1. Looking only at region 35-75, which residues are buried (at least 19 other Cβ atoms within 10 Å of the Cβ), in a helix (DSSP H, G or I) and either at positive phi or free of Cβ contacts under 8 Å to residues at least 24 places away in the same chain (or both)?
2. Sort out which residues of region 7-31 are touching a His at 6+ places or on another chain (Cβ under 9 Å) and not in a strand (DSSP E or B), and write them in order of number.
3. Scan Leu94, Leu81 and give me the residue that is in contact with a strand residue (DSSP E or B) (Cβ under 9 Å, 6 or more places away or on another chain), of a type in the set (A, V, I, L, M, F, W, C) and closer than 15 Å to Val20 by Cα.
4. Can you confirm whether region 80-97 contains a residue that is in contact (Cβ under 8 Å) with a residue 40 or more places away in the chain and of a type in the set (Val, Ile, Thr)?
Amino acid sequence: MLTGKQKRYLRGIGHDLKAVIMVGKNEISEKLTGETDAALAAHELIKVKILESCTMDRHEVAEILAKACGADVAQVLGRTLLLYRKSDDAKIELPKSSEKK
């Protein structure tokens, strides 16, 4: 689970990214989740674009893809999602979550 600070950090990194996954009229299939999983393994942070032909709710798409790939949703903005999953050789160093005393 990402903290607010970590989500803000990831949104800053993800701003300039190009969408690598497109969700269209076929919506979420096994093939799409496989491609998303592979993209997360390669990049850690990916942008997903939901095309106009997709009839599913954007938050539902984010939830299903994140759950299927074991990722966290960093952002849902318009028809664009930002998904994050830490890899074994982490390239992105997230800010530490502050613990209240």
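1. Ala39, Ala62, Ala66
2. The one that is touching a His at 6+ places or on another chain (Cβ under 9 Å) and not in a strand (DSSP E or B): Leu17.
3. Every option except Leu81 fails the conditions.
4. Checking region 80-97: at least one residue is in contact (Cβ under 8 Å) with a residue 40 or more places away in the chain and of a type in the set (Val, Ile, Thr).
Since every read-out is calculated from the coordinates, none of them should be taken as a lab result. In this text, all values refer to a predicted model and were calculated from it rather than measured experimentally. Heads up, the Cβs are rebuilt from the backbone with ideal geometry, glycines too, and the neighbour counts pull from every protein chain shown.
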